[in-house]
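See structure below.
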Amino acid sequence: MFRPNNKVFEERREIFLDKLNGKAAIIPGANLVKHHADCEYPFRQDSNFWYLTGFDEPDAIALFLSHKPKGERFILFVAPKDVISEVWHGFRWGLEGAEVEFKADKAHSINELRELLPVYLDGSDEIVFSIGKHPSIEKMVLEIFSQQLQNRSRLGIGANSLKSPEIYLNEMRLIKSEFEIERMREAIQISAEAHELVRQSISSKNNERQIQGLLEGFFLEKGARGPAYNSIVASGDNSCILHYTSNNSPLNKGDLLLVDAGCSLNDYYNGDITRTIPISGKFSSEQKVIYEIVLRAQKTAIESAIVGSNSSKIHNVALITLIEGLKDIGLLSGSTKEIIENQSYKHLYMHRTGHWLGLDVHDVGAYRMGEYEVPLRDGMILTVEPGIYISDRIPVPEGQPNIDEKWKGIGIRIEDDILVKDKKPEILSISALKEISDLEF
Ligand code: GLY
Ligand code: MN
Ligand code: MN
């Protein structure tokens with residue numbers, strides 16, 4: 001049973017309420033999602049709701065009422081205590097738990113939401129709610145908003161606009177506090193150790209599924225909640241499928257194995273690491289050449305992940321290194337500038353070089369605002385994950401060389417999790433080895 005570190009959550013609520021500056025925010029938690037028949041997927045709390053409350057039950061809603069006095073601003077609607085439901089589905093904190101353990105100024109049963117929500121929203125000029133994401137209560141919120149608009153036109157009071165909470169929360173979540181950095185260190189360390197376990201055990205495994213079992217079993221053994229996303233365990237040509245998750249092919253000795261996997265902790269902080277290793281313990285000469293290019297691109301890109309840099313710079317550094325390397329071995333031709341302008345590298349490298357990482361694996365936060373590139377700052381965590389994927393799936397663009405059969409079926413990605421710092425970025429996933437000399441046996 002998760003007990004929140006109240007100081008952490010209280011501080012976040014204070015900052016959020018401050019930013020709301022007179023507005024009333026409705027932040028819904030997640031609901032259970034049906035898998036089949038009477039069975040549900042494991043519960044996954046909504047990240048914004050979690051970030052502000054630390055409350056890990058389905059069917060809860062938080063209100064943040066910055067137009068009210070202190071002591072009346074944080075309201076939780078939760079599933080009430082119910083002996084029979086708890087016998088079937090497990091413990092609930094109930095109203096008292098929400099107030100005592102989770103520090104709600106006031107808690108109500110979720111069944112009272114329709115009646116009380118308009119009362120709580122009264123007096124605020126603006127409602128903060130994310131449209132399109134919470135179908136179970138969106139109709140109710142819009143009805144209340146419509147009523148408030150009418151009140152405003154007749155009585156001069158009532159909310160007259162609807163804003164998205166993301167404006168405030170994305171910015172807060174993008175910069176990780178010391179507490180969050182420590183949690184991320186733990187998630188990433190467990191994830192890195194799982195990759196090491198795969199590297200050390202590869203010679204005794206003969207199917208992708210066994211590798212998935214090894215990784216995910218390790219996550220659970222270490223006390224994590226499980227995988228942060230569907231683990232990608234892709235051998236041979238499967239490694240050219242970016243989000244391959246079938247994970248059920250036999251491992252062939254001459255092939256590479258690409259593993260993209262990370263764990264999610266009990267409090268939802270995530271790792272996201274990719275390693276590509278030779279199944280036989282030896283790279284073929286073609287595999288080695290491609291691996292060296294990707295590793296070089298990744299290292300140069302990581303070096304550029306410092307304060308003041310930005311996501312596009314990191315991507316471009318990786319892209320140029322990949323293109324130069326591919327030109328050297330005859331898989332691309334022409335000037336690097338033109339190849340980039342015409343995007344004629346995209347049959348070999350078709351994704352961006354990284355993303356923010358946090359409570360969501362592809363974490364929230366802007367990369368650019370129109371033309372303006374968001375500069376990297378202390379406390380940001382991002383992935384750096386260039387790759388090369390050689391297959392027949394995307395046709396070779398006009399003017400680019402045909403691909404000799406010897407290269408096909410090679411898919412390599414190397415992904416690390418990086419804490420942005422002033423001079424030298426910190427590679428949080430450093431204990432997952434990636435040098436060729438470490439991967440061969
Ligand atoms: N594992 C998903 C990603 O690397 O973005
Ligand atoms: Mn990633
Ligand atoms: Mn990944």
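Take SER203 and decide whether it is part of a helix (DSSP H, G or I), within 14 Å of ligand 3 (Cβ to nearest atom) and either modelled with pLDDT under 95 or among the small types (Gly, Ala, Ser) (or both). Criteria not met by SER203.
In region 241-263 there is at least one residue matching the filter, namely being away from ligand 1 (no atom under 11 Å from the Cβ), open to solvent by less than 10 Å² (accessible area, probe 1.4 Å), under 17 Å from the mean Cα position of the chain (by Cα) and at pLDDT 95 or above. The condition (being away from ligand 2 (no atom under 15 Å from the Cβ), within 27 Å of ALA228 (Cα to Cα) and open to solvent by 10 Å² or more (accessible area, probe 1.4 Å)) is satisfied by just one residue among ILE430, ILE394: ILE430. Residue check: is GLY370 more than 16 Å from ligand 3 (Cβ to nearest atom) and without any contact (Cβ under 8 Å) to a residue 60 or more places away in the chain? Considered against the rule, which asks whether it is more than 16 Å from ligand 3 (Cβ to nearest atom) and without any contact (Cβ under 8 Å) to a residue 60 or more places away in the chain, GLY370 comes out as yes.
Within region 33-58, which residues are in contact (Cβ under 8 Å) with a residue 12 or more places away in the chain, open to solvent by less than 80 Å² (accessible area, probe 1.4 Å) and assigned to a loop (DSSP other than H, G, I, E, B)?
Residues satisfying the conditions are PHE43, GLN45, ASP46, GLY54, PHE55, ASP56, GLU57, PRO58.
I'm trying to understand the selection: among the residues of region 351-365, which are assigned to a loop (DSSP other than H, G, I, E, B) and either small (Gly, Ala, Ser) or within 14 Å of ligand 2 (Cβ to nearest atom) (or both)? HIS351, ARG352, THR353, GLY354, HIS355, LEU357, GLY358, ASP360, VAL361, HIS362, ASP363, GLY365 - these are the residues of region 351-365 that are assigned to a loop (DSSP other than H, G, I, E, B) and either small (Gly, Ala, Ser) or within 14 Å of ligand 2 (Cβ to nearest atom) (or both). Taking the listed residues SER344, SER333, the one that is modelled with pLDDT of 95 or more, surrounded by 17 or more Cβ atoms within 10 Å (Cβ to Cβ) and part of a loop (DSSP other than H, G, I, E, B) is SER344, with no other qualifying. Looking at region 418-425, is at least one residue within 16 Å of ligand 3 (Cβ to nearest atom) and either touching a residue at least 24 places away in the same chain (Cβ under 8 Å) or crowded, with 19+ Cβ neighbours inside 10 Å (or both)? The answer is yes; a qualifying residue exists.
Restricting attention to region 81-93, does a residue exist that is surrounded by 19 or more Cβ atoms within 10 Å (Cβ to Cβ), modelled with pLDDT under 95 and in a loop (DSSP other than H, G, I, E, B)? Scanning region 81-93 turns up no residue that is surrounded by 19 or more Cβ atoms within 10 Å (Cβ to Cβ), modelled with pLDDT under 95 and in a loop (DSSP other than H, G, I, E, B). Can you tell me which residue in region 234-262 is nearest to GLU186 (Cα to Cα), limited to those that are part of a strand (DSSP E or B) and within 12 Å of ligand 3 (Cβ to nearest atom)? Filtering first and then ranking leaves ALA261. Every condition in (1) touching a Ser or Thr at 6+ places or on another chain (Cβ under 9 Å); (2) part of a loop (DSSP other than H, G, I, E, B) is met by ILE339 except one, and the failing one is (2).
Within region 78-103, the set of residues being out of contact with any Asp or Glu (no Cβ under 7 Å at 6 or more places or on another chain), without any contact (Cβ under 8 Å) to a residue 40 or more places away in the chain and closer than 20 Å to ASN6 by Cβ comprises GLY94, LEU95, GLU96, GLY97, GLU99, VAL100. Residues in region 264-286 that are within 11 Å of ligand 1 (Cβ to nearest atom) and in contact with a helix residue (DSSP H, G or I) (Cβ under 6 Å, 6 or more places away or on another chain): ASN270, GLY271, ILE273. Exactly one residue out of ILE167, ILE175 is among the β-branched types (Val, Ile, Thr) and open to solvent by less than 60 Å² (accessible area, probe 1.4 Å): that is ILE175. For region 277-320, a tally of residues being in a strand (DSSP E or B) and more than 21 Å from the chain's Cα centre (by Cα) returns 2. Restricting attention to region 347-373, the residues that are charged (D, E, K, R), open to solvent by 60 Å² or more (accessible area, probe 1.4 Å) and either in contact with a helix residue (DSSP H, G or I) (Cβ under 8 Å, 6 or more places away or on another chain) or within 15 Å of ligand 1 (Cβ to nearest atom) (or both) total 2.
The values are calculated or read from the model by the stated rules, or taken from the named source; none is laboratory data. All of these numbers come straight from a predicted model, not from anything done at the bench. A quick note on method: Cβ atoms are made from the backbone with ideal geometry, for glycine too, and the neighbour counts reach across all protein chains shown. Note: areas computed on protein heavy atoms with side chains; ligands, DNA, RNA excluded. Shrake-Rupley method; radii C 1.70, N 1.55, O 1.52, S 1.80 Å.
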